[in-house]
Structure formats: C-alpha cells, structure tokens
1. Tell me, yes or no, whether the stretch 14-21 has at least one residue that is surrounded by fewer than 16 Cβ atoms within 10 Å (Cβ to Cβ) and among the polar types (S, T, N, Q).
2. Could you grab the pairs with beta carbons closer than 7 Å, sequence gap of 6+ or different chains, first residue in the stretch 108-130 and assigned to a loop (DSSP other than H, G, I, E, B), second one aliphatic (A, V, I, L, M)?
3. Before we move on, is Ser93 among the polar types (S, T, N, Q), in contact with an Asp or Glu (Cβ under 9 Å, 6 or more places away or on another chain) and over 24 Å from Phe46 (Cβ atoms)?
4. Considering only the stretch 131-152, state which residues are of a type outside the set (Val, Ile, Thr), in contact with a helix residue (DSSP H, G or I) (Cβ under 9 Å, 6 or more places away or on another chain) and not in a loop (DSSP other than H, G, I, E, B).
5. Tell me whether the stretch 81-104 contains one or more residues that are in contact with a His (Cβ under 9 Å, 6 or more places away or on another chain), of a type in the set (S, T, N, Q) and closer than 16 Å to Pro16 by Cβ.
6. Of the residues that sit in the stretch 9-41 and are out of contact with any helix residue (DSSP H, G or I) (no Cβ under 7 Å at 6 or more places or on another chain) and aliphatic (A, V, I, L, M), which one is modelled with the lowest pLDDT?
Amino acid sequence: MVCFTCNHCGESLAKPRVSKHYQFQCHRKPFVTCVDCLKDFHGEEFIEHTKCVTENERYGGKNYMPKPGANKGEKKQLQWINVVHNLLSTDKSLTNAERSFLETLTNYDNIPRKKAKFLNFINNAIGNRVNMALIHSVWSKMENSYQQKSLEDIKEHNKAENQNNENICKENEGNANYLNNVGNTEELKNKINQVQRPKKKRKNVEQKINNEPAFKKSTIDVAARELNEVKEQSTDITFDWKNAILNAIKCKQEISLRKLQKKIVLQYISQGDHAETPEKVLKKFNRNIAKLSEVCIVNEKVKLI
C-alpha cells in the first residue's frame with residue numbers, strides 16, 4: 001500500500017487515511033510526500049498515485065533490471081484499480097449512489113479482483129452501510145470494463161506482432177531477390193568473359209608489332225596485315241535484336257525472361273568486339289524487347305502473341 005507523509009504536521013499516513021486526516025485534523029489543503037518515491041502531491045493529486053517503486057527499484061542502481069514476470073501481479077492489480085478511475089471519468093450512466101461508492105473505492109489500492117473476496121472486502125472496509133444491490137451493480141460494471149480493456153490490449157499486441165512479421169517477411173524477400181540477382185549477374189559475367197577470350201589474339205598481334213625491331217620492315221608489314229584482318233573481323237556488326245529475340249522464342253514457344261536475356265546477350269557479344277559491361281548489354285536487351293509488339297511477358301515468361 002502507498003504511504004505518505006503530511007508536509008504540515010509530519011504524520012505518516014496510509015493512503016485511505018489521507019482524506020480523513022485533512023478533514024478532521026490538519027484542516028488545510030492536502031500536501032503530502034510519498035514515502036517510497038519522495039514525490040510531492042498537492043490537493044487531490046495523491047488519489048492518482050496508486051503504485052510506487054519497489055525497494056529493489058529504488059536501491060538497485062541505474063542498471064537495475066526487474067526479473068521477467070516479477071511484477072506481473074502488481075501490473076494486474078494496477079490495471080484493476082485504474083478501472084475504478086476510468087469508470088468515474090468515462091461512464092455517463094452511473095447513478096449518484098454508484099458514483100459515490102466508486103469514489104470511496106479510490107481510497108484503497110488493495111481492491112480484490114475476485115467477486116467473493118471483493119464482497120468480503122467491502123463488508124470489512126465499509127460495513128453494512130452500502131446496499132448489496134448497489135455493490136453487485138458496481139462490480140458488474142468494473143468487471144465488464146476490465147474485460148474490454150484486456151481485449152483491447154490483446155488486439156493491439158496482435159496487431160503489433162502481425163506488423164512485425166510482415167516487415168520481417170518483406171526484408172527476407174528483398175534479401176533473397178538481391179542475392180538471386182547478384183548470382184545471375186556473376187554467372188552472366190563468367191559466360192561473357194569466356195566468349196571474349198579471342199581478344200587475346202588481337203592483343204598478341206599488337207604486342208608483336210610494338211616489340212618488332214625497326215629494321216625488320218617486312219615482318220612489321222606482315223604483323224600489320226594480321227592486325228587489320230583481326231580488326232576487320234571484330235568491327236561492330238549491326239546486331240538484329242528483333243530477329244534474335246523472335247527466333248529464340250520460336251524455338252521454345254515459351255521461355256523464361258531470364259534465360260532469354262542470357263541467350264541474346266551472349267549472341268550479341270559473340271558477334272563483335274563489344275566492350276560494354278553486362279549491365280549495359282542487359283539495358284539494350286530490355287529496350288529492344290520492350291519495342292516488340294509481337295511478344296508478351298506474363299509472370300516472367302515470354303511468348304509470341
């Protein structure tokens with residue numbers, strides 16, 4: 001139970017005694033300090049102070065962490081006490097007798113959560129001054145309010161969990177797509193490098209010319225002719241993107257977009273000395289296939305219309 005100290009006379013007061021103390025003894029405006037948290041309360045502010053720090057929290061230092069579930073019972077009791085205050089502030093259907101009875105209950109922070117114990121508590125704390133029908137009516141409203149609050153908390157918790165799960169799924173899906181695309185790019189680069197190996201012949205010819213002594217003119221002429229032949233063979237050839245794409249689709253009737261990309265890109269590189277990166281070649285492919293009205297792409301599958 002929360003305890004206070006009167007700042008006028010210094011007397012220690014349990015919470016239920018605070019109102020009577022100022023009504024019959026001090027005859028001043030309430031001004032108390034909580035014994036545990038040392039917080040000051042003016043006027044009726046002390047009524048809202050239903051729970052305070054424990055000794056472990058107060059003296060455990062800044063790094064103190066309560067054990068999981070250690071305060072589970074206290075949390076439930078605090079929620080139950082808050083039901084009384086919520087009813088007083090939100091329920092417009094309360095009768096004057098019900099409101100007066102609930103205001104009396106706000107003086108206690110040990111209100112039982114079970115009906116049998118609640119009835120016994122009222123009998124001991126207030127006596128026979130309250131009509132039994134009134135007690136049952138207030139109990140029903142308290143119980144309904146508590147259950148509705150519990151359902152709202154469960155819905156909010158489930159909503160947060162679902163949102164968290166959706167975020168995790170989206171993140172995992174994004175990572176999987178990224179890794180898949182990286183793998184495809186690396187595979188395509190390896191195949192392109194294999195096709196571009198004939199470039200070594202041209203490089204060797206150039207080195208032959210550069211390293212040849214000046215007095216061997218005939219040898220230089222021969223090397224120059226070989227280089228020109230290589231250059232003529234490797235000059236950029238106009239690549240027919242449309243026919244290449246249509247022929248590849250006709251062979252399979254239907255082909256995945258990824259396989260079609262790889263096939264056409266390799267054909268493009270093998271027909272000339274193209275220095276573009278794989279990414280640039282893929283962009284060329286995408287631009288050309290987008291122009292074709294003879295094909296359609298559905299679910300990453302390409303087929304003729």
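The values are calculated or read from the model by the stated rules, or taken from the named source; none is laboratory data. Just so it is clear, the model here is predicted, and its values are computed rather than measured. No Cβ is skipped: glycine too gets one built from the backbone with ideal geometry, and neighbour counts run over all protein chains shown.
1. No, that holds for no residue.
2. Short answer, once both residue conditions are applied: Tyr108/Ala125; Asp109/Met1; Asp109/Val2; Asp109/Ile81; Asn110/Met1; Ile111/Ile81; Ile111/Leu105; Val130/Ile122.
3. Details: among the polar types (S, T, N, Q): yes; in contact with an Asp or Glu (Cβ under 9 Å, 6 or more places away or on another chain): no; over 24 Å from Phe46 (Cβ atoms): yes.
Taking the combined requirement at face value, the residue does not satisfy it.
4. Once the filter is applied, which keeps residues that are of a type outside the set (Val, Ile, Thr), in contact with a helix residue (DSSP H, G or I) (Cβ under 9 Å, 6 or more places away or on another chain) and not in a loop (DSSP other than H, G, I, E, B), the stretch 131-152 yields Met132, Leu134, His136, Ser137, Trp139, Lys141, Met142, Glu143, Ser145, Tyr146, Lys149, Ser150.
5. The initial filter retains those residues of the stretch 81-104 that are in contact with a His (Cβ under 9 Å, 6 or more places away or on another chain), namely 102.
From what is left, the residues that are of a type in the set (S, T, N, Q) are none.
No, the stretch 81-104 contains no residue that is in contact with a His (Cβ under 9 Å, 6 or more places away or on another chain), of a type in the set (S, T, N, Q) and closer than 16 Å to Pro16 by Cβ.
6. The extreme case among them is Ala14.
Results for (1) surrounded by 15 or more Cβ atoms within 10 Å (Cβ to Cβ); (2) at pLDDT below 85; (3) not β-branched (Val, Ile, Thr), shown as yes or no for each residue.
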position: Gly43; (1), (2), (3): no, no, yes
position: Thr50; (1), (2), (3): yes, yes, no
position: Pro68; (1), (2), (3): no, yes, yes
position: Lys76; (1), (2), (3): no, yes, yes
position: Ile81; (1), (2), (3): yes, yes, no
position: Phe101; (1), (2), (3): yes, no, yes
position: Asn107; (1), (2), (3): yes, yes, yes
position: Gly127; (1), (2), (3): no, yes, yes
